[in-house]
Amino acid sequence: MEPEPQERLQAAFDATIARHDRIEPRDWMPEAYRRTLVRQIAQHAHSEIIGMQPEGNWISRAPSLRRKAILLAKVQDEAGHGLYLYSACETLGVSRAELTDLLLTGRQKYSSIFNYPTLSYADVGTIGWLVDGAAICNQVPLCRTSYGPYGRAMIRICKEESFHQRQGYELLMTMMRGTDAQRAMVQESVDRFWWPSLMMFGPPDERSPNSGQSMAWGIKRNSNDELRQRFVDMSVPQAEALGVTLPDPELRWNEERGHYDFGEPDWEEFAAVISGNGPCNAQRLAHRRAAHEDGAWVREAASAFAARSTEEEVR
Ligand SMILES: [Fe+2]
Ligand SMILES: [Fe+2]
């Protein structure tokens, strides 16, 4: 008996995933796969856009012209990342305007890390080193994700993220070669950002209910705990080279495992921050809403111009 058309479509989809090949926008895909991707890519796009705020906070107070130029370039890159990702999401049939609305009304989330304040210029360095570093660990495997437009956006984003990490590390290294006060400023900043950076990989595997399905679909390539371990293993020698102490008394090399052992992040704090009760959640969303409202005239002018151009073409 001939299989039903629906079964044939599903079989073609499964075969593409099994070959580690890409699903493209015009290919048939299960509705749950599409919805999972929309949620993940949108959340990622929102994180890039909201992520401009903690560092944008320091642009007008950069300590030198050189630092200001670097920071401006980095923050602009993050805006670009947001735009590539909104575009990737639009190929799944959701518009950027809808996604923006979901963010502004709190119905879609962004990464918990951006709800922490930036209290000193050392935070610009620490964010580059640890936050962009954790983002790289999360994102490099996504270059091979099963959805074509998302994977291709990630390739370009990852190249820029490595520049972000380098500039942060270089800034911290410069401060560590400076005065005692500067070294103390770096240490204080690392103390605040270490644990929230570990939380960026999401909850432990046994409490991450959607991970299994995302891995089966080839959207995710590694589990949260695997990526967190990779990040810790990468960061410890970098912290030693910098001369800073990571604020975890349980951190030590485990010869048997060939990895560093480390302590448990405060998952209650993580839950509070993602449910809206972090130190800066309200401020970040209010700022984003105000910026969106301020930009209304640009959107109106652009659509009026687009409408007039099509009218002229028709004539
Ligand atoms: Fe980014
Ligand atoms: Fe970045």
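The values are calculated or read from the model by the stated rules, or taken from the named source; none is laboratory data. Computed from a predicted model, the values in this text were never measured in an experiment. Backbone-built Cβ (ideal geometry, glycine too); neighbour counts: all protein chains shown. Heads up: the accessible areas ignore ligands, DNA and RNA and are worked out on the full protein's heavy atoms, side chains in. Shrake-Rupley method; radii C 1.70, N 1.55, O 1.52, S 1.80 Å.
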Checklist entry - Is there a residue being without any contact (Cβ under 8 Å) to a residue 24 or more places away in the chain and of a type outside the set (D, E, K, R) anywhere in region 187-197? => result no
Next on the checklist: Could you go through region 29-50 and let me know if any residue there is over 23 Å from the mean Cα position of the chain (by Cα), open to solvent by 50 Å² or more (accessible area, probe 1.4 Å) and more than 19 Å from Ser112 (Cα to Cα).
Outcome noted: yes
Checklist outcome for this item: The residue that is most open to solvent (accessible area, probe 1.4 Å), considering only those in region 3-28 that are touching a Pro at 6+ places or on another chain (Cβ under 8 Å) and of a type in the set (A, V, I, L, M, F, W, C), is Ala11
Checklist entry - Would you say Glu31 is within 16 Å of ligand 1 (Cβ to nearest atom) and at pLDDT 95 or above? => result no
Next on the checklist: Being under 26 Å from Asn281 (Cβ atoms), modelled with pLDDT of 95 or more and away from ligand 1 (no atom under 16 Å from the Cβ) is true for just one of Tyr110, Tyr86, Tyr121, Tyr147. Which residue is that?
Outcome noted: Tyr121
Item to check | First in region 112-134 and among the aliphatic types (A, V, I, L, M) and part of a helix (DSSP H, G or I), second anywhere and within 16 Å of ligand 1 (Cβ to nearest atom) and open to solvent by 10 Å² or more (accessible area, probe 1.4 Å), Cβ under 6 Å, 6 or more apart | outcome: Ile113/Met200; Ala134/Met200
Item to check | Filter result for Leu142 (touching a residue at least 24 places away in the same chain (Cβ under 8 Å), surrounded by fewer than 23 Cβ atoms within 10 Å (Cβ to Cβ) and within 16 Å of ligand 2 (Cβ to nearest atom)) | outcome: yes
Next on the checklist: Being in a strand (DSSP E or B) and among the hydrophobic types (A, V, I, L, M, F, W, C) is the filter here; which residues of region 229-253 pass it?
Outcome noted: Trp253
Next on the checklist: Tell me whether region 263-284 contains one or more residues that are open to solvent by 30 Å² or more (accessible area, probe 1.4 Å) and among the basic types (Lys, Arg).
Outcome noted: no
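Quick grid of which residues meet (1) over 29 Å from Ala18 (Cα atoms); (2) away from ligand 1 (no atom under 16 Å from the Cβ); (3) at pLDDT 95 or above; (4) open to solvent by 70 Å² or more (accessible area, probe 1.4 Å):
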{"site": "Arg152", "(1), (2), (3), (4)": "no, no, yes, yes"}
{"site": "Ile157", "(1), (2), (3), (4)": "no, no, yes, no"}
{"site": "Leu171", "(1), (2), (3), (4)": "yes, yes, yes, no"}
{"site": "Val190", "(1), (2), (3), (4)": "yes, yes, yes, no"}
{"site": "Glu206", "(1), (2), (3), (4)": "no, yes, no, yes"}
{"site": "Asn210", "(1), (2), (3), (4)": "no, yes, no, yes"}
{"site": "Gln213", "(1), (2), (3), (4)": "no, yes, no, yes"}
{"site": "Asp233", "(1), (2), (3), (4)": "yes, yes, yes, no"}
{"site": "Leu246", "(1), (2), (3), (4)": "yes, yes, yes, no"}
Checklist entry - Given Ala62, Ala73, Ala79, which one is modelled with pLDDT of 95 or more and away from ligand 1 (no atom under 16 Å from the Cβ)? => result Ala62
